[in-house]
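Working notes for the structure below.
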Amino acid sequence: MKTRHLIDLDDLSLDEINQILDLAKVIMAHPPYYLDSCHGKLMATLFYEPSTRTQMSFQSAMLKLGGQVIGFDNPGNSSVSKGESLKDTVRVVSNYADVVVIRHPKEGTAKAAGMFSRAPVINAGDGGHLHPTQTLTDLFTLLNTKGRLDHLAVGFCGDLKNGRTVHSLIKTLIRYPGSRFILISTPELALPDYLKDLVRAAGCDYTECASLYDAIGDVDVLYMTRIQQERFASREEYEKQKGAFVLDTETLKRARYGLKILHPLPRVDEIDYAVDDDPRAVYFEQTEYGMFARMALILHMLDGSKKQLDARPESNTPHRCANPRCITSTESYLPRLFKKTDGGLFCEYCDAAQPAGGGEEGR
């Protein structure tokens with residue numbers, strides 16, 4: 001039996017997702033019952049990129065389950081600073097830990113880590129690609145504040161191009177009936193085409209809009225995101241997009257009474273502080289819901305797990321991924337893996353579409 005990793009929520013069936021959410025609800029109602037659930041278990045948190053909520057949420061979740069935590073939150077304080085490869089770091093750490101949680105600025109890193117880990121790997125965010133545990137947080141928040149996950153009109157606002165939380169949540173919500181999306185962004189920060197293709201293939205409707213003021217009255221849920229400076233090639237490019245969308249109390253007057261406002265945080269200037277006092281703003285409660293969702297996920301991942309190293313796939317092409325943000329651009333030993341669809345050729349690590357010919361030849 002292969003080691004179970006959570007790279008994308010697509011790795012879980014819809015029934016499994018709902019079971020995790022149901023368990024999170026039970027844990028939230030009866031936390032003392034789970035105090036020793038992970039007694040004797042170790043979780044390693046490998047955070048190559050800054051984090052407050054995700055890292056502390058995972059750590060709190062494991063400690064509240066009776067387990068312990070090892071790892072680093074700054075690669076400069078680890079052997080990574082000496083040039084250690086991702087493969088070697090993960091291979092060693094998975095000897096110590098029962099579950100490995102990894103965040104990295106390169107897209108596809110979690111998938112790569114899973115190839116070399118003897119323990120289950122959980123993706124805590126890989127560049128601008130995916131963030132499945134934030135999606136579990138978002139789903140659990142919606143269940144507790146809206147009471148359902150189906151037939152919701154969800155507005156996504158901000159950096160939809162690089163917003164890994166947006167990508168993961170859309171990929172999961174299209175699995176629930178009646179989902180509809182309003183995509184609010186500048187043309188430069190629009191949702192990637194491969195995700196629009198997935199939305200259409202699932203039979204869900206979406207519209208694109210450049211005005212938060214015009215769109216806010218049409219949504220049940222508003223998912224705000226910041227313009228992410230760290231995802232831009234230059235400060236100049238970031239400055240052109242900074243401040244494009246701001247949710248303030250004046251704009252909120254046009255919103256529905258039952259609206260719920262979510263944000264993965266941190267925020268910069270996209271939500272005015274005065275909005276915090278509006279009962280429709282649930283982004284601080286969202287952080288607590290996330291801890292319970294991750295507690296349930298940890299229990300799910302450790303249930304019956306056996307530490308082993310799975311056979312790695314072999315390269316299916318001599319080409320390399322054309323996306324410079326892909327983990328394969330720096331970890332050259334990784335097998336080169338691509339998938340063909342009607343839409344073209346895509347990297348299996350980062351989902352980036354490849355140019356005609358499949359990308360640059362390897363040397």
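Here is a yes/no grid of residues against (1) in contact (Cβ under 8 Å) with a residue 12 or more places away in the chain; (2) acidic (Asp, Glu); (3) part of a helix (DSSP H, G or I); (4) closer than 28 Å to Ser168 by Cα:
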{"residue": "Glu16", "(1), (2), (3), (4)": "yes, yes, yes, yes"}
{"residue": "Gln19", "(1), (2), (3), (4)": "yes, no, yes, yes"}
{"residue": "Ile27", "(1), (2), (3), (4)": "yes, no, yes, yes"}
{"residue": "Glu49", "(1), (2), (3), (4)": "yes, yes, no, yes"}
{"residue": "Ser81", "(1), (2), (3), (4)": "no, no, yes, no"}
Exercise. Exactly one of (1) at pLDDT 90 or above; (2) open to solvent by less than 50 Å² (accessible area, probe 1.4 Å); (3) under 30 Å from Thr109 (Cβ atoms); (4) in contact with a strand residue (DSSP E or B) (Cβ under 6 Å, 6 or more places away or on another chain) is unmet by Thr225. Its number?
Worked result: (4)
For this session: Determine, yes or no, whether Lys111 is open to solvent by 50 Å² or more (accessible area, probe 1.4 Å), closer than 27 Å to Asp159 by Cβ and in contact (Cβ under 8 Å) with a residue 40 or more places away in the chain.
Result: yes
Exercise. What number of residues within segment 39-97 satisfy the criterion of being modelled with pLDDT under 95, over 24 Å from Pro132 (Cα atoms) and among the β-branched types (Val, Ile, Thr)?
Worked result: 1
Problem set entry | Filter result for Ile170 (closer than 26 Å to Ala255 by Cβ and either touching a residue at least 40 places away in the same chain (Cβ under 8 Å) or surrounded by fewer than 24 Cβ atoms within 10 Å (Cβ to Cβ) (or both)) | no
Seminar exercise, completed: Filtering segment 8-30 down to residues that are modelled with pLDDT of 95 or more and in contact with a helix residue (DSSP H, G or I) (Cβ under 7 Å, 6 or more places away or on another chain) yields Ile17, Ile20, Leu21, Leu23, Ala24, Ile27, Met28
For this session: Within segment 24-40, work out how many residues are open to solvent by less than 70 Å² (accessible area, probe 1.4 Å) and under 21 Å from Met56 (Cβ atoms).
Result: 7
Exercise. All but one of (1) at pLDDT 95 or above; (2) out of contact with any Leu (no Cβ under 7 Å at 6 or more places or on another chain) hold for Leu247; which doesn't?
Worked result: (2)
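Listed here are the residues, each with its yes/no results for (1) under 30 Å from Gly114 (Cα atoms); (2) open to solvent by 50 Å² or more (accessible area, probe 1.4 Å); (3) aliphatic (A, V, I, L, M).
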site	(1), (2), (3)
Lys253	no, yes, no
Leu265	yes, no, yes
Ile271	no, no, yes
Asp277	no, yes, no
Thr328	yes, no, no
Leu334	yes, no, yes
Phe338	yes, no, no
Cys350	yes, no, no
Ala353	yes, yes, yes
For this session: Determine, yes or no, whether Glu236 is at pLDDT below 95 and open to solvent by 20 Å² or more (accessible area, probe 1.4 Å).
Result: yes
Seminar exercise, completed: Expected output for segment 280-294 (first residue closer than 19 Å to Glu270 by Cβ, partner among the acidic types (Asp, Glu) and open to solvent by 10 Å² or more (accessible area, probe 1.4 Å), Cβ below 9 Å, 6+ apart or cross-chain) is Tyr283/Asp276; Phe284/Asp276
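The values are calculated or read from the model by the stated rules, or taken from the named source; none is laboratory data. Because the structure is a prediction, the values reported are computed rather than measured. So basically every Cβ, Gly included, is an ideal-geometry build from the backbone, and we count neighbours across all protein chains shown. Please note that ligands, DNA and RNA were not included when accessible areas were found on the heavy atoms of the full protein model with its side chains. Shrake-Rupley method; radii C 1.70, N 1.55, O 1.52, S 1.80 Å.
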